[in-house]
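This report refers to the structure that appears directly beneath it.
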């Protein structure tokens with residue numbers, strides 16, 4: 001069956017609404033895998049996940065299974081997860097160490113960590129054939145392009161296109177601030193990973209990350225529970241951190257509307273921080289290490305950048321304030337895998353990392369009081385969009401009120417600018433190659 005044509009796809013996105021089929025049509029999803037995830041720079045992993053020679057980390061780029069691996073010379077390579085002999089996947093676990101060589105579990109072909117063929121069993125059986133150890137077709141294929149920005153490794157399945165820094169554009173400042181909050185200027189993955197299956201289209205999750213009109217509604221039950229727990233404490237007690245980060249979702253619309261939304265080309269965006277800069281002992285100790293490393297003025301510049309969720313479209317979302325990174329892996333039109341990683345700030349007090357772990361468990365854990373609210377609503381959106389209850393999804397809120405800023409657009413906190421911005425990028429990607 002032929003896929004949707006260019007004219008049909010172009011009609012699905014309008015300035016203030018999108019057609020429901022962008023979330024429900026498997027043919028549209030197939031086209032996304034080709035034209036978005038087959039072209040964009042997609043997040044693969046962080047260099048700290050492969051610290052030693054032979055260490056690997058497996059990922060998905062669209063439907064393509066890939067892994068990054070560090071070779072003995074220290075270089076990181078992103079390879080397709082396929083043996084050049086019979087096609088078996090070379091690595092099966094999310095993370096591991098291959099040793100000196102990648103060895104296929106089927107027939108024992110082995111490869112160096114840069115993907116080049118090292119050895120095959122029964123070499124004399126290939127004499128007089130077209131097999132050639134030096135021919136690249138008998139090595140593990142590398143992705144067409146890979147690049148790293150401050151340790152964050154991205155790859156593209158397209159042979160050409162903008163380089164990584166051009167692709168990131170203004171959203172680089174979110175990655176910079178993530179790393180600059182470390183006194184040593186570097187971050188590292190630590191503390192494991194949460195993997196969450198969502199029975200909904202990948203775009204629903206991405207849109208919700210910078211949606212400020214849902215928290216007080218979607219998370220009403222967890223907000224009420226946090227407030228009730230706080231009232232049970234001794235009078236005058238300070239609200240514990242664990243309750244504070246839940247209760248914050250219950251702020252009124254006026255609070256959210258005062259936040260800043262900023263959108264850049266290619267679908268990237270960020271929203272201003274929800275929580276004011278803390279003055280607790282952990283934060284003060286962290287600030288002291290920053291001042292020792294950077295000086296008073298530079299520390300002030302770093303801390304003035306306060307952001308909640310940033311979106312690096314179409315594959316990941318850094319949360320710099322609490323050292324989180326959510327990675328989005330579309331699996332099917334109605335199924336999405338989200339991976340949540342916590343990072344350490346190198347050189348910061350250990351308590352800063354402990355606080356990030358608490359945030360991860362309270363907010364991003366599948367068993368938290370917060371995450372299940374979102375997952376339930378995403379599934380309800382998917383189910384509702386598959387009915388005949390209407391053809392269009394509204395993106396009207398504050399449409400036409402965006403402000404031009406250097407490198408992008410800005411709006412008030414309740415604006416649906418981030419969603420409209422994502423669909424502008426979506427339409428551009430989907431029109432390419434039509």
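The values are calculated or read from the model by the stated rules, or taken from the named source; none is laboratory data. Given the structure is predicted, the values throughout are model-derived calculations rather than measurements. Quick reminder, even Gly has a Cβ in these numbers, built from the backbone with ideal geometry, and neighbours come from all protein chains shown.
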Problem - Qualifying residues in the range 168-179 (those that are in contact with a helix residue (DSSP H, G or I) (Cβ under 6 Å, 6 or more places away or on another chain) and surrounded by fewer than 22 Cβ atoms within 10 Å (Cβ to Cβ)) - the one nearest to residue 36 (Cα to Cα) - result: 169
Completion exercise
Taking the range 410-434 and the residues there that are outside any helix (DSSP H, G or I) and surrounded by fewer than 21 Cβ atoms within 10 Å (Cβ to Cβ), the one that is farthest from the chain's Cα centre (by Cα) would be 434
Problem - Filtered residue count, the range 356-379, keeping only those that are without any contact (Cβ under 8 Å) to a residue 12 or more places away in the chain and out of contact with any helix residue (DSSP H, G or I) (no Cβ under 7 Å at 6 or more places or on another chain) - result: 4
Completion exercise
Just one listed residue, out of 30, 16, 55, 5, is surrounded by fewer than 17 Cβ atoms within 10 Å (Cβ to Cβ) and either without any contact (Cβ under 8 Å) to a residue 40 or more places away in the chain or within 30 Å of residue 148 (Cβ to Cβ) (or both), and it is 30
Practice task
Hey, can you tell me all the residues within the range 195-213 that are under 29 Å from residue 96 (Cβ atoms) and buried (at least 20 other Cβ atoms within 10 Å of the Cβ)?
Solution key: 198, 202, 205
Exercise for the section: Being farther than 30 Å from residue 187 by Cβ, over 21 Å from the mean Cα position of the chain (by Cα) and part of a helix (DSSP H, G or I) narrows it down to one of 400, 384, 389, so name that one. Expected result: 384
Problem - Odd one out for residue 182 among (1) in contact (Cβ under 8 Å) with a residue 12 or more places away in the chain; (2) touching a helix residue (DSSP H, G or I) at 6+ places or on another chain (Cβ under 9 Å); (3) surrounded by fewer than 20 Cβ atoms within 10 Å (Cβ to Cβ) - result: (3)
Exercise for the section: Examine the range 186-193 for a residue that is assigned by TED's automatic domain parsing to the domain that holds residue 267, touching a residue at least 12 places away in the same chain (Cβ under 8 Å) and part of a helix (DSSP H, G or I), and state whether such a residue exists. Expected result: no
